[in-house]
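Enquirer: Have a look at this one before I ask anything.
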Amino acid sequence: MTSRHDHYDFLIVGSGLAGLYAAFCAARHGRVALFSKSSLTESSSYWAQGGIAAAINPEDSAYFHLDDTVAAGRGLCRKAAVEILVGEGVQRVRELIAMGMKFDEGRRGLHLGLEGGHSHRRILHAQGNATGEAVVTFLKQRVASHDNITVLDGTTVSELIVRDDRCIGLVAFRRDDLQPHVFTARATILATGGAAGNFKRTTNPPSSSGDGIAIAYNAGAQVCDMEFVQFHPTALYTKSGYTFLISEALRGEGGHLINASGDRFVLHDDSRGELAPRDVVAASIFREMRSTGVDHVYLTMAHLDHGKVRERFRNVYEACVPHGVDIAVDPIPVAPAAHYLIGGIVTGRMAGTSLWGLFACGESACTGVHGANRLASNSLLECLVFGKRAVDGAVTVTDDVPSPGEIASGLPERDTKAVDERRISTLREEVSNLMTGHVGILRTEQGLAAALERLTEIRETHRPLLACWGGRGLRNMLRVCELTVRCAAIREETRGAHIREDYPDEDDRFNGHITLQKRSEPRIVAWT
């Protein structure tokens with residue numbers, strides 16, 4: 001099959017905050033192709049209610065922000081990366097403001113919120129609790145109008161092109177086109193998001209399935225920390241299964257978590273109560289639900305000013321009203337949901353991966369800034385800081401790229417085989433139920449073994465289906481889920497977002513990052 005070929009200076013895969021900001025920064029240095037498998041508004045960044053953490057208050061400090069981040073990370077944070085995050089993060093936020101980005105203001109300037117694990121008010125919000133949507137929309141407008149940026153939405157990246165451990169581009173298919181399209185560049189940046197969408201109960205869009213991580217792993221890149229999946233403590237619970245993120249900011253502004261008897265049960269586990277780090281709160285809620293045999297608890301704001309609650313959290317209020325809940329007066333039914341993948345593609349301080357010419361940023365990357373548990377609202381900040389660093393690293397790649405003729409052989413083909421969509425949907429639902437049931441907030445050796453056995457069985461039984469173009473999404477989902485389960489089984493301890501009921505304590509043997517690479521044995525790597 002004949003392929004088409006285009007050459008750019010930079011290829012950026014993913015249209016969340018990290019991808020958009022990287023494209024914006026890269027356009028100063030050359031021609032950019034920005035790939036999105038869906039629309040520019042279907043990303044976890046766009047859905048993000050939480051704000052951006054930055055120590056811009058004169059009473060705050062990057063040192064305080066660093067201490068809070070490291071404390072939440074349970075001994076696994078890469079301190080050098082955290083120093084970069086909290087130091088350069090202030091500069092990135094100020095640059096956004098200088099560009100015209102509007103954050104919410106109070107009587108004395110910017111309104112700074114407080115969230116779990118933070119010692120100071122440092123959370124910037126935009127449009128109430130629609131920060132992700134506001135920032136993504138702001139950058140999308142600038143990216144779409146930039147002469148140096150070509151946006152290729154509705155485009156599926158099939159695989160990376162790697163020659164002698166050097167990434168020289170990628171193969172993509174545009175919408176319904178059967179013809180492979182080769183894109184080469186001096187540098188490729190993956191900003192494809194995480195994989196929390198692989199769980200049954202999740203705050204993520206369906207596109208958060210870990211495709212970029214699977215593609216990078218298949219190409220030979222290292223991945224690590226895949227066992228650390230953060231569950232947001234408070235997602236709306238409904239009998240229909242519909243869920244919606246109830247932002248941490250509600251607890252930051254004084255919301256209380258209670259059970260059916262009105263008891264603030266989290267205080268029994270941690271004196272910080274609702275403002276403890278997410279891993280503590282999520283586990284406390286899960287144990288409360290399990291011990292009392294219920295499928296949700298409640299978040300109440302009824303003791304606060306009703307008018308201010310409705311105004312401050314307007315999008316949450318409007319989302320809950322159709323379900324018969326007025327968040328200002330009614331107890332909000334909530335339960336934890338998979339929210340954020342802390343692990344991902346291993347990257348260095350300049351966002352480079354183990355493959356020369358390949359960079360990663362945002363949730364698809366593992367920079368080490370989050371350790372074993374992400375501090376609230378550090379993720380959007382990471383997108384900005386390491387999105388720019390990925391570009392700073394990419395501009396140093398000056399090697400010549402092989403000519404099209406040298407890479408034209410062995411390209412993947414998009415077949416036209418009919419697949420049973422209902423069968424794929426059924427299998428995806430089984431996998432997501434499997435992950436929630438056995439690889440959720442609380443894990444055991446028996447559950448993890450059962451999950452891995454079934455995932456392997458699905459892969460072996462359905463090889464013809466997975467080999468088809470129509471089965472690629474399920475194939476990538478299985479790959480990422482297997483990586484998560486393998487890491488979770490190896491880490492025989494409880495640390496941060498990874499809670500093993502059969503190993504309830506931290507263990508010094510695991511003071512490192514479980515690293516996986518294709519055709520290699522797992523390793524525990526200590527980062528400095």
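No lab work stands behind these numbers, since they all come straight from the coordinates. For clarity, every value in this text was computed on a predicted model and none was experimentally measured. Cβ: placed from backbone, ideal geometry, glycine included. Neighbour counts: every protein chain shown.
Enquirer: May I ask which residue of 433, 516, 467 lies farthest towards the positive end of the charge dipole of segment 421-525, with charges of +1 (Lys, Arg) and -1 (Asp, Glu) on Cβ and the Cα centre as origin?
Expert: After comparing all options, I get 467.
Enquirer: Calculate the length of the line joining the C-alpha centroid of segment 85-117 to that of segment 154-185, in whole Å.
Expert: Distance between centres, Cα-based: 37 Å.
Enquirer: Next up: Ignoring GluC sites (Glu not before Pro) that are buried or in helix or strand per DSSP, and keeping those with at most 14 other beta carbon atoms within 10 Å, what is the longest stretch of the chain between them?
Expert: Details: sites that count: 59, 413, 492, 501.
Result for the longest clean stretch: 60-412.
Enquirer: Now a separate question. Shape of segment 233-336 from its Cα gyration tensor (a ≥ b ≥ c, root eigenvalues): rounded if a/c is under 1.5, otherwise prolate when a/b > b/c, or oblate? Can you show the working numbers first?
Expert: Details: a/c = 1.78, a/b = 1.28, b/c = 1.39.
Oblate.
Enquirer: Treating only the Cβ of Lys, Arg, Asp and Glu as charged (+1, +1, -1, -1), what charge dipole size does the chain show about its Cα centre? Round to the nearest 20 debye.
Expert: Values: 58 positive and 64 negative charges, 152 e Å.
Computed about the Cα centre, the dipole is about 740 debye.
Enquirer: Additional query: Which order results if 477, 289, 350, 226 are arranged by neighbouring Cβ count within 10 Å, fewest first? List each step's numbers first, then the result.
Expert: Values: 477 24, 289 18, 350 15, 226 29.
Fewest to most other Cβ atoms nearby, the residues stand as 350, 289, 477, 226.
Enquirer: Treat the count of other C-beta atoms within 10 Å as a stand-in for reagent exposure and order 296, 232 from fewest to most. If you can, show how the numbers build up before the last one.
Expert: On the way: 296 21, 232 27.
Exposure proxy ranking, most exposed first: 296, 232.
Enquirer: Also, quick follow-up: Which whole-number percent is the relative contact order of segment 421-525 (Cα, under 8 Å, 6+ apart)? Before the final figure, lay out the partial values.
Expert: Working: 99 pairs, mean separation 25.2, N = 105.
Relative contact order, segment 421-525: 24 percent.
Enquirer: Return the lysines within reach of residue 37: Cα separation strictly under 24 angstrom, same-chain partners fewer than 8 residues apart disregarded; answer none if there are no such residues.
Expert: Within the straight-line cut-off, residue 37 pairs with 140, 200, 388, 417.
Enquirer: Separate question: Taking amide hydrogens as modeled 1.01 Å from N in the peptide plane, which residues meet the under 5 Å criterion relative to residue 499, leaving out close sequence neighbours?
Expert: 443
Enquirer: Nearest 10 degrees, 0 to 90: what angle lies between the long axis of helix 445-461 and the longest principal axis of the chain (Cα atoms)?
Expert: Once rounded, one gets 30 degrees.
Enquirer: A further question on this structure: Gap in Å between the Cα centre of segment 210-239 and the Cα centre of segment 426-479?
Expert: Computed from Cα coordinates, the inter-centre distance equals 14 Å.
Enquirer: Could you run the Karplus curve 6.51 cos²θ - 1.76 cosθ + 1.60 with θ = phi - 60° over segment 344-359 and give me ³J(HN,Hα) per residue in whole Hz, x for Gly and Pro?
Expert: Values, residue by residue: x, 6, 5, 10, x, 5, 9, 6, x, 9, 6, 10, 4, x, 10, 10 Hz.
Enquirer: Starting from the 7 Å offset along Cα-to-Cβ, what nm value, one decimal, do you get for the label separation of residue 419 and residue 311?
Expert: Result for the modelled spin labels: 5.1 nm.
Enquirer: Something else about it: Would you kindly derive the ³J(HN,Hα) couplings of segment 431-438 from the backbone phi angles with the Karplus curve 6.51 cos²θ - 1.76 cosθ + 1.60 (θ = phi - 60°), listing them in order in whole Hz, with x for Gly and Pro?
Expert: My calculation for segment 431-438 gives 5, 5, 5, 5, 5, 5, x, 10 Hz in order.
Enquirer: For helix 62-72, report the angle its Cα long axis makes with the longest principal axis of the Cα atoms of the chain; keep it between 0 and 90° and round to the nearest 10°.
Expert: Helix 62-72 sits at roughly 90 degrees to that axis.
Enquirer: To the nearest 10 degrees, how steeply does helix 79-99 sit against the main Cα axis of the chain, on a 0 to 90 scale?
Expert: The angle comes out at about 90 degrees.
Enquirer: For labels at residue 461 and residue 102 in the simple 7 Å Cα→Cβ model, what's the distance in nm?
Expert: Distance between the two pseudo-spin positions: 5.5 nm.
Enquirer: Provide the per-residue ³J(HN,Hα) series for segment 144-159, in order, calculated from phi with Karplus coefficients 6.51, -1.76, 1.60 and θ = phi - 60°, each as a whole number of Hz, with x at glycine and proline positions.
Expert: Once rounded to whole Hz, the list reads 5, 9, 7, 5, 8, 10, 9, 8, 10, 7, x, 10, 9, 7, 7, 6.
Enquirer: Can you tell me, using C-alpha contacts under 8 Å and at least 6 residues apart, the relative contact order of the chain as a whole percent?
Expert: Details: 1210 pairs, mean separation 112.0, N = 528.
Result for the chain is 21 percent.
Enquirer: For all pairs of alpha-carbon atoms in segment 421-525, what percent lies in each bin of width 5 Å, listed from the first bin to the last filled one?
Expert: Answer for segment 421-525: a P(r) of 2, 12, 21, 21, 18, 13, 8, 4, 1, 0 percent.
Enquirer: Would you list 119, 209, 520 from fewest to most Cβ contacts within 10 Å?
Expert: With the fewest neighbours first, 119, 209, 520 line up as 520, 119, 209.
Enquirer: So if we plug the beta-carbon distance of residue 511 and residue 330 into 1/(1 + (r/R0)^6) with R0 = 45 Å, what FRET efficiency do we get, rounded to 0.05?
Expert: On the way: r = 45 Å, r/R0 = 1.00.
FRET efficiency, residue 511 to residue 330: 0.50.
Enquirer: Oh, and also: Report, in deg cm²/dmol and to the nearest 500, the calculated mean residue ellipticity at 222 nm for the chain, where each DSSP H run with n ≥ 4 adds -39500 (n - 2.57) and the sum is divided by the residue count. If you can, show how the numbers build up before the last one.
Expert: Numbers: 16 runs with 183 residues, N = 528.
One gets -10500 deg cm²/dmol as the mean residue ellipticity at 222 nm.
Enquirer: Enumerate the whole-percent occupancy of each 10 Å bin, from 0 to the last occupied one, for all C-alpha pair distances of the chain.
Expert: 4, 20, 31, 27, 14, 4, 0, 0
Enquirer: Also, I was wondering about something else. Residue 267 to residue 490: extension gain in nm, 0.36 nm per residue of separation minus the Cα-Cα distance?
Expert: Result: 77.1 nm gained on full extension.
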